[in-house]
Amino acid sequence: MSTGSFDLSLIDLTLPLEQGLTKLFTRRGEEIGINAKVATVFPSNKGADFQCNGALASAKALKSSPRDIAQKWIDQFSEEERSLFSKLEIAGPGFINISVSNELLATRSSLALKDERLLCSLSTQPKKVYIDFGGYNVAKQLHIGHLRSTVIGETLRRIYKFLGENIIGDAHLGDWGTQMGMLIEAVKEEQPNLPYFDDLFSGDYPTESPITLEDMNRLYPQASARSKEDPNVRAKASEATAKLQAGHAGYTALWRHFVNLSIQEVKRDIAPFDVHFDLWWGESDAQAEIGPMVEALIEQGFAEKSDGALIVPLQNDKGDDMVPLMLRKSDGGATYHTSDLATISMRMQESADEMLYVVDARQEMHFKQVFQAAKKVGIVKPETHLEHVKFGTINGEDGRPFKTRSGGTVKLREVVNMALEAASTRLNEGEMQSQTLKEADEATRASIAEMVAVAAIKFGDLSNHRTSDYILRLEDFCSFEGKTGPYLLYAAVRIKSILAKASDKGLQAGDIKLRGDADRALALELSKFPSVLMQVRAKNTPHLLCEYLFNVSQSFSSFYQACNIVREEDPAQQGAWLSLVSLCLSTLELGLDLLGIKVPDRM
Ligand code: ARG
């Protein structure tokens, strides 16, 4: 590859640009006594690509004015090193403004285009990270409340995995609560003669489920409503739950059918979202761990009796008392706390380094207590990272949690259907429709509508800071303009067709070189991709990737307006731009894939 006047040994281009520059600035800074800690170079949007404020931070230590220090620092760079920059200037009280040369940007872009990871490095010390997301409950149908956990959890799973972490996605089913007892009682009422309810039965229980999925979806809501009204029903459900938890053979066999039916349905409901779980374990899988764990906590003096219950008193990091963790209820039953604590203990036995819980913000207190207890009793190591990756609520136009017209809970499947409808309407709107789409058959159109709908839901969700609430406006989410999933799909599809047309015309891609402001701005934007992923990983904030991909498509639009590839007379520049366009497409496609969004071939 020709790199013009550019020498690749001057800067490490496998690192994000600001990191390569930081290394260089650190080396030259140390030569004049500047502490490496203050030599950080970071992106800037004030008249330069990057900025370094280390001279200001060194004034005291070096007993000199920041501007003088900055000047000395700049003077340390060799003539060759200066070729890396198009700007290296002291500004204001002693900031250093840095812009990189077109050659450097172009070389970096060419390298990225040849690398399928787009120069995103792999973690050198992979961490074993459990991502606990989904959190679906057996017997209860998936509803809108499961959307964010599913979508945010999956994108974090994809990003961590891409960055080389050892990821385990765990659906952590709610399969052990009183809803199980309610359903057992409901089945017993309809079919009292089943062997599961016969305490004298000693044969093998049937392998075939006595109820269908439809039965379950009919019986559970009924049972749940009745148990809210009638204390007797509630008491019976609790009793059945306690028996199940104590290992009643018939109930256990029946319960397995419930779990299997639910998993089937969950898989069907989340299919449009293309989600992957490594583990389909549930709260029940932690039960074997609970007994020995509680024994150990009593023995070690961490657990205390309180009103017949067993608790672990807790203090926050400042030493103030918190609400204690409930280890065992006064009726002897296990709790949500205990099951999470035991699950942490099991994950530690598998050498977990990190555990992320992608769960509604309303469970904040629960996780604070569980994490604090895990640290206090030494179930985790001091360096184990436990984090509640909390998220806000999906609201309706009235600013309250999104409900059906009649005030009921909206099923997840209904959200998908509403989005499908909105997406199909948009796709059929005449002027947006490309010729190829008009000619497509029914099946192709349906599959494109599904990709658009899923992109709309996912991007609409992920583009909000996860801790914020947002209003579900599917029609807006499906718009082809503005910061939406379909807009990004449209941008990617358009770039694909630009490249296809260029190739039809016989145009050849070549080494990237940059000529003006617009192609340079696009190359600079594309160079930020690896850093953006690292920021998402550091704070578990996928909205940064959404924001970034939107900026990339904006930069592309400006570039495409300013640089007419087909009419360009210099074939080398033409080829260079085609390569830049390819890099742009790869970046969009990889970024969207990490958000779990598939790009259609046409739309
Ligand atoms: N099933 C729970 C619920 O519906 C969410 C589970 C979250 N994960 C966990 N480890 N607690 O509220």
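The values are calculated or read from the model by the stated rules, or taken from the named source; none is laboratory data. Note that the structure is predicted; figures quoted are calculated from it, not measured. Every residue, glycine as well, gets a Cβ built from its backbone with ideal geometry; the counts of neighbours run over all protein chains shown.
Checked against the criterion of being part of a loop (DSSP other than H, G, I, E, B) and either within 32 Å of the chain's Cα centre (by Cα) or of a type in the set (D, E, K, R) (or both), the candidates LEU122, LEU113 yield just one match: LEU122. If you go through the range 401-413 one residue at a time, do you hit one that is surrounded by 14 or more Cβ atoms within 10 Å (Cβ to Cβ) and in a helix (DSSP H, G or I)? Checked against the condition, which is being surrounded by 14 or more Cβ atoms within 10 Å (Cβ to Cβ) and in a helix (DSSP H, G or I), the range 401-413 yields at least one hit. Of the residues making up the range 336-344, at least one is at pLDDT 95 or above and either surrounded by fewer than 19 Cβ atoms within 10 Å (Cβ to Cβ) or among the charged types (D, E, K, R) (or both).
Taking the criterion of being among the polar types (S, T, N, Q) and in a helix (DSSP H, G or I), the residues of the range 435-493 that qualify are GLN435, THR436, THR444, SER447.
Scanning the range 261-286 for residues that are within 23 Å of the chain's Cα centre (by Cα), assigned to a helix (DSSP H, G or I) and hydrophobic (A, V, I, L, M, F, W, C) gives ILE263, VAL266, ILE270, ALA271, PHE273.
Conditions tested, residue by residue: (1) touching a Phe, Trp or Tyr at 6+ places or on another chain (Cβ under 8 Å); (2) of a type in the set (S, T, N, Q).
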| position | (1), (2) |
| --- | --- |
| VAL370 | no, no |
| ILE379 | no, no |
| GLY392 | yes, no |
| LYS403 | no, no |
| SER406 | no, yes |
| LYS411 | no, no |
| GLU414 | no, no |
| ALA419 | yes, no |
| LYS438 | no, no |
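The residues of the range 327-350 that are outside any loop (DSSP other than H, G, I, E, B), more than 11 Å from the ligand (Cβ to nearest atom) and touching a strand residue (DSSP E or B) at 6+ places or on another chain (Cβ under 6 Å), listed by number, are LEU327, ARG328, THR338. Taken over the range 117-155, the criterion of being closer than 19 Å to ARG347 by Cα, away from the ligand (no atom under 12 Å from the Cβ) and crowded, with 19+ Cβ neighbours inside 10 Å is satisfied by VAL129 alone. For the range 156-193, the tally of residues that are of a type outside the set (Gly, Ala, Ser), in a helix (DSSP H, G or I), within 21 Å of LEU213 (Cα to Cα) and more than 16 Å from the ligand (Cβ to nearest atom) stands at 6. Only residues that are within 21 Å of the chain's Cα centre (by Cα) and either in contact (Cβ under 8 Å) with a residue 60 or more places away in the chain or within 8 Å of the ligand (Cβ to nearest atom) (or both): list them for the range 359-373, please. Correct list: VAL359, ASP360, ALA361, GLN363, PHE367.
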